[in-house]
1. Only one of these conditions is not met by LYS123: (1) within 9 Å of the ligand (Cβ to nearest atom); (2) of a type outside the set (Val, Ile, Thr); (3) closer than 26 Å to VAL11 by Cα. Which number is it?
2. Please state which one of LEU158, LEU205, LEU140 is assigned to a helix (DSSP H, G or I) and within 19 Å of VAL51 (Cα to Cα).
3. So, ALA45, is that one more than 16 Å from the ligand (Cβ to nearest atom), free of Cβ contacts under 8 Å to residues at least 40 places away in the same chain, among the hydrophobic types (A, V, I, L, M, F, W, C) and outside any loop (DSSP other than H, G, I, E, B) or not?
4. Any residue that is surrounded by fewer than 21 Cβ atoms within 10 Å (Cβ to Cβ), more than 16 Å from the ligand (Cβ to nearest atom) and of a type outside the set (S, T, N, Q) - is there at least one of those in the stretch 90-103?
5. Among the listed residues ALA118, ALA75, which satisfies the condition of being exposed (fewer than 14 other Cβ atoms within 10 Å of the Cβ) and over 25 Å from MET6 (Cα atoms)?
6. Tell me which residues, restricted to the stretch 194-211, are touching a residue at least 60 places away in the same chain (Cβ under 8 Å) and over 17 Å from the mean Cα position of the chain (by Cα).
7. Among (1) within 16 Å of the ligand (Cβ to nearest atom); (2) under 18 Å from ILE209 (Cα atoms); (3) of a type outside the set (A, V, I, L, M, F, W, C); (4) not in a helix (DSSP H, G or I), there is one condition GLY37 misses while meeting the rest; what is its number?
8. β-branched (Val, Ile, Thr), touching a Pro at 6+ places or on another chain (Cβ under 8 Å) and either at pLDDT below 95 or surrounded by fewer than 21 Cβ atoms within 10 Å (Cβ to Cβ) (or both) - does that describe any residue in the stretch 145-158?
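The values are calculated or read from the model by the stated rules, or taken from the named source; none is laboratory data. Worth saying up front: this structure is predicted, and the values here are computed from it rather than measured. Glycine gets a Cβ as well: all are built from the backbone with ideal geometry, and neighbour counts include every protein chain shown.
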Amino acid sequence: GAGGGMAGRKVLVTAGPTREAIDPVRYISNHSSGKMGYAIARTAAARGADVVLVTGPTELAPPPGVRVARVETAAEMMAAVLAEFDDCDVVVKAAAVADYRVQAPAGQKIKKRDDELALTLVKNPDILAELGRRKQGQLLVGFAAETEELVGHARDKLTRKNLDMIVANDVTLPGAGFGADTNIVKLLYPDGRVEEYGRTAKDELAGIILDKICVLLTNRH
Ligand code: C5P
């Protein structure tokens with residue numbers, strides 16, 4: 001129940017950015033620090049869950065008691081997540097997955113030459129949307145980092161990806177989003193409920209998000 005144990009639950013958490021190679025020494029990535037996902041993984045493990053953390057490159061220490069799978073690209077994250085998905089009770093996708101990758105990464109370092117250089121990008125698979133299609137009782141929680149129309153975009157993702165909850169944050173607010181130790185979020189549910197949290201430490205938010213997950217699990221089973 002709320003604040004209580006998660007023993008016997010398998011929880012898969014993704015965290016951090018992904019990296020998409022441009023050439024052997026360069027990549028496309030984003031500002032995700034991994035802090036929110038690591039806090040959720042650490043807290044779920046402390047509550048007794050069997051936790052797998054699939055993480056892109058971060059500076060963070062692996063949380064105690066958590067099985068960690070390190071990945072770089074979105075494709076690697078997808079493979080690692082799908083390998084763990086079937087027997088999961090809960091999936092929390094806090095990772096900031098690159099939406100596009102370089103179509104044909106150069107085999108050698110690209111040399112400085114012309115004034116302009118064009119890279120063709122192709123869409124990455126949406127891991128969470130794929131989980132939404134495959135889910136058979138797993139509780140799916142997504143994140144939406146937005147710079148405008150926070151609730152509208154988040155609700156659209158909740159519906160489109162077949163999620164049970166989405167954590168929406170406006171990354172333009174001070175004290176929210178990438179790199180910060182605090183976040184300002186709204187939790188949205190399929191029934192239309194919206195719960196708002198003012199500036200809160202990511203560690204504390206992790207506990208709140210897991211409390212909500214436990215309520216959803218209890219109401220479902
Ligand atoms: O990028 P977007 O705003 O659509 O991300 C919303 C959610 O979908 C996040 O939980 C993110 O981890 C997930 N996602 C994913 N695979 C992608 C893009 C996003 O799993 N390729």
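1. LYS123 satisfies every listed condition except (3).
2. Residue meeting the stated conditions: LEU205.
3. yes
4. No, because not a single residue in the stretch 90-103 is surrounded by fewer than 21 Cβ atoms within 10 Å (Cβ to Cβ), more than 16 Å from the ligand (Cβ to nearest atom) and of a type outside the set (S, T, N, Q).
5. Every option except ALA118 fails the conditions.
6. Within the stretch 194-211, just ASP211 meets the criteria.
7. Going through the list (1) within 16 Å of the ligand (Cβ to nearest atom); (2) under 18 Å from ILE209 (Cα atoms); (3) of a type outside the set (A, V, I, L, M, F, W, C); (4) not in a helix (DSSP H, G or I), GLY37 breaks only (4).
8. Checked against the condition, which is being β-branched (Val, Ile, Thr), touching a Pro at 6+ places or on another chain (Cβ under 8 Å) and either at pLDDT below 95 or surrounded by fewer than 21 Cβ atoms within 10 Å (Cβ to Cβ) (or both), the stretch 145-158 yields no hits at all.
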